[in-house]
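I have placed the structure first, in the form of structure tokens, so that the comments after it can refer back to it.
Here, each number is a calculation from the coordinates, and none is a lab measurement. Being a predicted model, the structure only gives us computed values, none of them experimental. FYI the Cβ positions are ideal-geometry reconstructions off the backbone, even for glycines, and counts take in every protein chain you see.
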Amino acid sequence: MTVTVLHAGLLTTIQDLGRYGAQKYGVIVSGAMDSYSLRIANLLVGNEEGEAAIEVTLFGTSLQFKKDQLIAITGADLAANLDGVKAPIWRPVLARKGSILTFKSSTKGARAYIAFAGGISVPQAMGSKSTYIRAGIGGFQGRALQKGDTFNCGEMSTLGQSLFYQLKARSPHFTWSVNYKALLNLQQAQTIRVLEGTEFNRFDQQSQQILFTESYTISRQADRMGYRLESKTPLTLIEEFELLSEGVTYGTIQVPTNGQPIILMADHQTTGGYPKIGQVISADLPNLAQLQPTATIQFKKVSLEQAQTVFIKNERLIADIKRSIQLKMHKLK
Amino acid sequence: MSQLTIKTTMKPLGDSALIVQLGEGIYPSIHEKVSYLSLLIEENPFEGFIEAVPAYNNLTIYYNPYIVYLSQTNRTLTPFQQVSTHLKTLTERIGDKPLLKKSVVELPVIYGGEFGPDLEYVAKSNNLSIEEVIQIHSENEYLVYMIGFAPGFPFLGGMDKRIATPRKETPRLTIPSGSVGIAGKQTGVYPLETPGGWQIIGRTPLDLFLPDMSPPTLLEAGDKIRFMPVSAKGLSL
């Protein structure tokens, strides 16, 4: 076995980019809450972007390496520590045989990702390694990681091997790291960009304005399924109406009868029946995923065209990061 | 079918999905259009298409805007416009060829007793005998309009109003998988053990969620089902 879990922490799960294709059967997508950090962690160890990695929530996880292993830690700064020394993040790192990686508590953000060169060797369930706890499928035996769990890593790619041997020969990590700041915001007070939801016009004018002027607090009931928000003024409909259940997605802002919005997150149900006042743009979902309970957000309205333009821009940024990592390797040779 | 005028609207569900609305309300004829479009999009996917999720009168299409954008040679349309155009063309073909007739799935149900603790309550509150409730619940054919809420959970249409019963005031903390319930004018089956407020009238020994199979569920949207009363003898639950 390559990796042993010494302490599980608050919630530590195996996640990839999600389980698509089975929402029509009621099977949720799941996947990394912060997909940008997951993708970059994988790129930093020479994996395909969508390989499974470990998602650590807020604090308390500790892993031991049973052999030399190339890893990368991205996302939140959870005071990662490798054998008593601050572990470098956003860059490839060599974890030596016997070494222990710990995450103490968050100094910035909510979710850290650990990618392993060669990926995590757990079977796919319906095309994905993401953990879906309620249905007991995916990840490690369909559940969150627990103390004593062990798993293997897969075969390293050519780039992964190259990085691995460079680090073994020189130093445990490179001096460069990915500048994620153009992609990801780890601040705990943020502006989140939102599109009008399918039922936006069924809310009264005051509510339509409040959504973009009021500040919202993420409640303590926030989890991978949804963020409940709290604000002074509840949102109200012009008149009550019955909405039939229909498809919802990551970032959908639903308003239940109490008028306090809920943002659906990565483990959201496939369908919902509450009116949808807004939809967080895809490019801001990783930022949202990095917010902790009690963090505050302000919504800003953007157009669909703007949202799709940002989506495309960010995909190009990730492609650039991928090229830069490959280029670094060529320079080393 | 093709002479039917279909008022189709496309509404964005964020920047990476859209909902194709094919009518209003709960009607088998509208749902048939949803099933057609669902089939057409899966047979004719566009580049960047991820998946389609049918509901009562609409279909949600998930897509990757970047791949849609890259697939376009002149790149004058936004990804949303491009996907809408593709889907509009497909909706014109709804009804071109007959949908495959699906067979009726029979679900054996043990009504009452420990498997249906609320059967008596449902009977009492509707002034019916237990036998009448079982008969009314099991004589209708139900259409599976959509699957949602949990893997394999069917949203059914066609329950008789005579047995409609409000949800429990306090939801149960656990409802065993396979439980058959009534909530208002709806009926359905819990595929997984979950908390829930439905009135539980029976249980089926069949698994509705089959993660190792393809498709991973016993039921799909468009299926028809019938509940078949059976006795608990000889069934292990």
- Note on the structure: Long-range amide H partners of B:Gly184, meaning residues 5 or more apart or on another chain whose placed amide H is closer than 5 Å, are B:Thr165, B:Arg167
- In terms of the charge dipole of chain A, which places +1 on Lys and Arg and -1 on Asp and Glu at the beta carbon, the residue among A:Gln69, A:Tyr165, A:Thr236 farthest towards the positive end is A:Tyr165
- Mind checking the mean number of beta-carbon atoms from other chains within 10 Å of the Cβ atoms in A:272-281? 2
- What's the average, rounded to a whole number, of partner chain beta-carbon atoms within 10 Å of each residue's beta-carbon in B:16-22? 4
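Counting Lys and Arg as +1 and Asp and Glu as -1, each charge on the Cβ, what is the dipole of the protein assembly as shown about the Cα centre in debye, to the nearest 20?
Values: 55 positive and 50 negative charges, 436 e Å.
Here the size comes out at about 2100 debye.
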- Task: In a Gaussian network model over chain B where Cα atoms closer than 10 Å are linked, find which of B:Val83, B:Val104, B:Val122 has the largest mean-square fluctuation.
- Result: B:Val104
- Item | Exceeding the 21 Å Cα-Cα cut-off - candidates A:Lys24/A:Lys129; A:Lys67/A:Lys147; A:Lys66/A:Lys147; B:Lys102/B:Lys161; A:Lys300/A:Lys322; A:Lys67/A:Lys328 | B:Lys102/B:Lys161; A:Lys300/A:Lys322; A:Lys67/A:Lys328
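What Kirkwood radius, in Å to one decimal, follows from the Cα pairs of the protein assembly as shown? Intermediate values should be presented prior to the final figure.
Values: mean 1/r = 0.0395 Å⁻¹.
Kirkwood radius, the protein assembly as shown: 25.3 Å.
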- Note on the structure: Computed over chain A: longest principal axis from alpha-carbon atoms vs helix A:304-332 long axis, angle to nearest 10 degrees, is 0 degrees
- Between beta-carbons, use under 13 Å as the cut-off and find the net charge around A:Arg96, counting Lys and Arg +1, Asp and Glu -1. +2
- Taking the simple approach of a point 7 Å from Cα along Cα-to-Cβ for both B:Arg167 and B:Glu141, what is their distance in nm? 3.1 nm
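If you put +1 on each Lys and Arg Cβ and -1 on each Asp and Glu Cβ, how big is the dipole of the stretch A:182-282 around its Cα centre, in Debye rounded to 20? Each step should come with its number before you reach the end.
Values: 7 positive and 11 negative charges, 82 e Å.
Here the stretch A:182-282 has a charge dipole of around 400 debye.
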- How big is the gap, in Å, between the Cα center of the stretch A:59-134 and the Cα center of the stretch A:152-229? 17 Å
- Ignore the peptide's own chain and count Cβ atoms of other chains within 10 Å of each Cβ in B:80-86; give me the average, rounded. 1
- Return the percentage of antiparallel bridges among DSSP beta bridges fully within the protein assembly as shown, rounded to the nearest 5 %. 90 percent
- Item | aspartates and glutamates whose Cα lies under 16 Å from that of A:Lys313, excluding same-chain neighbours fewer than 8 positions away | A:Asp284, A:Glu305, B:Asp15
- Task: Identify all aspartates and glutamates with a Cα-Cα distance to B:Lys97 below 17 Å; exclude those on the same chain that are fewer than 8 residues away in sequence.
- Result: B:Glu32, B:Glu42, B:Glu43
- Note on the structure: Plugging the Cβ-Cβ distance of A:Thr213 and A:Thr257 into 1/(1 + (r/R0)^6) at R0 = 35 Å yields, to the nearest 0.05, a FRET efficiency of 0.95
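With charges set only on the Cβ (+1 for Lys and Arg, -1 for Asp and Glu), what does the dipole of the stretch A:243-333 come to about its Cα centre, in debye to the nearest 20?
On the way: 10 positive and 6 negative charges, 136 e Å.
Dipole of the stretch A:243-333, to the nearest 20 debye: 660 debye.
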- Calc'd 3J(HN,Hα), the stretch B:94-103, phi into Karplus 6.51 cos²θ - 1.76 cosθ + 1.60 (θ = phi - 60°), Hz, glycine/Pro = x, comes to 4, x, 4, 9, x, 6, 5, 5, 8, 7
- Item | chain B - Debye-derived log10 I(q)/I(0), Cα point model, q = 0.07 Å⁻¹ | -0.29
